[in-house]
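Structure, as structure tokens:
The values are calculated or read from the model by the stated rules, or taken from the named source; none is laboratory data. Since the structure is predicted, the reported quantities are computational estimates derived from the model, not experimental observations. Here the Cβ positions follow ideal geometry from the backbone for every residue, glycine too, while neighbour counts run over all protein chains shown. Surface areas here come from the heavy atoms of the whole protein model, side chains and all, with no ligands, DNA or RNA. Shrake-Rupley method; radii C 1.70, N 1.55, O 1.52, S 1.80 Å.
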Amino acid sequence: MRTAVALGSNIGDRLGICAQRETRFSISPNVDAPIFSSAVYETEPVGCEPGAGKFLNAVVEFEYDGDPARLLEQLIEIEEALGRKRDHPRNFSRIIDVDLLYCGEQRINDERLQLPHPRLHLREFVLRPLADIRPDLILPGQKKAIRELLAEVEHAAEVSRFVEEW
């Protein structure tokens, strides 16, 4: 099933961390080609601590054959391998943040996993890179395509293209 994750980083080698994340993910046993990557966007931090640095954000989409809950566990393991601590405060600067956005048409809403991501349609820093690769996608529970959601989203902070290919 077509599956996507959002990547974000605002500490250290932001681009290197995102690129390393994509490389590690592309070798996961349940991930099949093709793997599509958006451009990388630089965004102002939203809801973070005062003085937080800008984030780099991107979306990676791929074919996934497996259980979304297991995929979430793999994403957490990869975050930890890249230096993210599990006791990390919410909405605080971070070396890496990986969010599972959707897994095909699956709708999941439990304490551990919500699919599609419940705030995806409200976040320009996710919608803009997702529109690079799937502008006509309509997510389960939505009536509008990603490009339409992007056109309507409130511009809470500046989002600018940082690099096309990574």
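Scanning the stretch 40-97 for residues that are of a type in the set (D, E, K, R) and under 26 Å from Val163 (Cα atoms) turns up Glu42, Glu44, Glu49, Lys54, Glu61, Glu63, Glu79, Glu80, Arg84, Arg94, Asp97. Within the option set Pro118, Pro89, being surrounded by fewer than 12 Cβ atoms within 10 Å (Cβ to Cβ) and over 20 Å from Thr3 (Cβ atoms) holds for one residue only, Pro89.
Within the stretch 124-160, the set of residues being out of contact with any strand residue (DSSP E or B) (no Cβ under 7 Å at 6 or more places or on another chain), touching a residue at least 24 places away in the same chain (Cβ under 8 Å), in a loop (DSSP other than H, G, I, E, B) and surrounded by 15 or more Cβ atoms within 10 Å (Cβ to Cβ) comprises Val153 only.
May I ask you to list the residues in the stretch 92-115 that are part of a loop (DSSP other than H, G, I, E, B), under 22 Å from Val31 (Cα atoms) and open to solvent by less than 80 Å² (accessible area, probe 1.4 Å)? Those that are part of a loop (DSSP other than H, G, I, E, B), under 22 Å from Val31 (Cα atoms) and open to solvent by less than 80 Å² (accessible area, probe 1.4 Å): Ile96, Gly104, Gln106, Leu113.
When you go through Asp65, Asp13 one by one, which is the residue that is open to solvent by 30 Å² or more (accessible area, probe 1.4 Å), among the charged types (D, E, K, R), farther than 23 Å from Leu137 by Cβ and modelled with pLDDT of 90 or more? Break it down stepwise before answering.
Numbers: Asp65 fails: farther than 23 Å from Leu137 by Cβ.
Asp13 is the lone residue from the list that is open to solvent by 30 Å² or more (accessible area, probe 1.4 Å), among the charged types (D, E, K, R), farther than 23 Å from Leu137 by Cβ and modelled with pLDDT of 90 or more.
Restricting the search to the stretch 92-103, which residues are under 15 Å from the mean Cα position of the chain (by Cα) and of a type outside the set (A, V, I, L, M)? Answer for the stretch 92-103, where residues must be under 15 Å from the mean Cα position of the chain (by Cα) and of a type outside the set (A, V, I, L, M): Arg94, Asp97, Asp99, Tyr102, Cys103.
For the stretch 70-84, state whether one or more residues are modelled with pLDDT under 90, of a type outside the set (D, E, K, R) and open to solvent by 40 Å² or more (accessible area, probe 1.4 Å). Yes, that holds for at least one residue. Restricted to the stretch 1-91, the set of strands (runs of 3 or more DSSP E) holding at least 2 residues that are among the polar types (S, T, N, Q) comprises 2-9.
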